[in-house]
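Remarks on the structure that follows.
The values are calculated or read from the model by the stated rules, or taken from the named source; none is laboratory data. The shown structure was predicted, so the numbers you read here are calculated from the model rather than taken from an experiment. A quick note on method: Cβ atoms are made from the backbone with ideal geometry, for glycine too, and the neighbour counts reach across all protein chains shown.
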């Protein structure tokens with residue numbers, strides 16, 4: 001069975017203006033897919049979409065209206081075959097801080113809303129559009145979804161309660177959603193990245209020193225991963241027709257210490 005052919009298809013990448021999302025969008029475009037960059041950063045998102053011959057849609061992933069607009073834009077460029085759920089954020093806070101004050105509930109809620117509820121929102125809307133497309137092969141393949149979790153889903157550090165819960169939720173929903181969508185020929189997989197060199201760490205000499213220090217805790221190779229390396233796995237999960245219902249760590253073998 002050959003790899004899934006994305007030529008002439010459309011795809012959606014949330015958080016596609018930078019980092020892992022941008023790298024995934026570039027590799028999807030190289031596969032012949034017209035990519036919708038669904039992101040809040042208009043300047044960067046427009047630039048990436050224009051370079052790749054795709055389209056930018058300003059998108060809060062937790063908004064039903066924004067998600068529907070991204071799906072409509074993709075479907076107008078070709079049959080929707082791929083969704084990469086790469087949008088996400090982290091807000092570090094201890095459950096009880098050093099002054100013995102509880103974490104604000106709104107902090108926890110916001111991280112869950114964007115990372116977990118936002119991922120499911122984009123997934124359900126995209127899957128509904130994929131389900132209406134003609135199958136690609138005799139197996140009935142219609143599309144593939146890749147969610148982005150984190151190594152923090154398994155070994156979250158101090159201050160990562162909200163982030164780890166949101167990413168653990170993504171891991172937990174992967175198999176049941178893959179089972180749900182098997183009826184319409186849509187595969188669902190999740191990637192759990194380790195320490196990846198994305199804009200979250202900032203830029204400049206101080207940032208480079210910090211990243212080099214972090215990289216020493218990686219088993220091998222002793223550095224942060226690149227967005228491109230994560231995107232290699234994204235493309236594999238989309239184009240390998242037998243990959244389904246799995247969560248794969250892409251982390252250089254790191255196991256995160258408590259802090």
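Here are a few things to note about the model shown:
- Here 147, 121 are screened, and the one residue that is surrounded by 14 or more Cβ atoms within 10 Å (Cβ to Cβ), touching a strand residue (DSSP E or B) at 6+ places or on another chain (Cβ under 9 Å), in contact (Cβ under 8 Å) with a residue 24 or more places away in the chain and within 27 Å of residue 241 (Cβ to Cβ) is 147.
- Exactly one residue among 29, 128, 49 is over 14 Å from the mean Cα position of the chain (by Cα), part of a helix (DSSP H, G or I) and surrounded by fewer than 17 Cβ atoms within 10 Å (Cβ to Cβ), and that residue is 128.
- Residue list for region 142-158, filter: in a loop (DSSP other than H, G, I, E, B) and more than 30 Å from residue 254 (Cβ to Cβ): 142
- So residue 167, is it more than 18 Å from the chain's Cα centre (by Cα), at pLDDT 95 or above and closer than 24 Å to residue 61 by Cα: no
- Of the numbered criteria (1) under 22 Å from residue 14 (Cβ atoms); (2) surrounded by 17 or more Cβ atoms within 10 Å (Cβ to Cβ); (3) touching a residue at least 60 places away in the same chain (Cβ under 8 Å), the one residue 226 fails is (2).
- Any hit, region 132-141, residues being farther than 23 Å from residue 217 by Cα and not in a loop (DSSP other than H, G, I, E, B): no
- Given (1) under 17 Å from residue 82 (Cα atoms); (2) at pLDDT below 95, index of the condition residue 213 fails: (1)
- Matching residues in region 72-107 - criterion: being in a loop (DSSP other than H, G, I, E, B) and either in contact (Cβ under 8 Å) with a residue 60 or more places away in the chain or buried (at least 18 other Cβ atoms within 10 Å of the Cβ) (or both): 78, 79, 86, 87, 88, 90, 91, 92, 94, 95
- For residue 162: the one exception among (1) farther than 23 Å from residue 232 by Cβ; (2) touching a helix residue (DSSP H, G or I) at 6+ places or on another chain (Cβ under 7 Å); (3) modelled with pLDDT of 95 or more; (4) surrounded by fewer than 20 Cβ atoms within 10 Å (Cβ to Cβ): (4)
- Here region 170-182 is the region considered, the condition is being within 18 Å of residue 117 (Cβ to Cβ) and either crowded, with 19+ Cβ neighbours inside 10 Å or in contact (Cβ under 8 Å) with a residue 24 or more places away in the chain (or both), and the residue that is nearest to the chain's Cα centre (by Cα) is 170.
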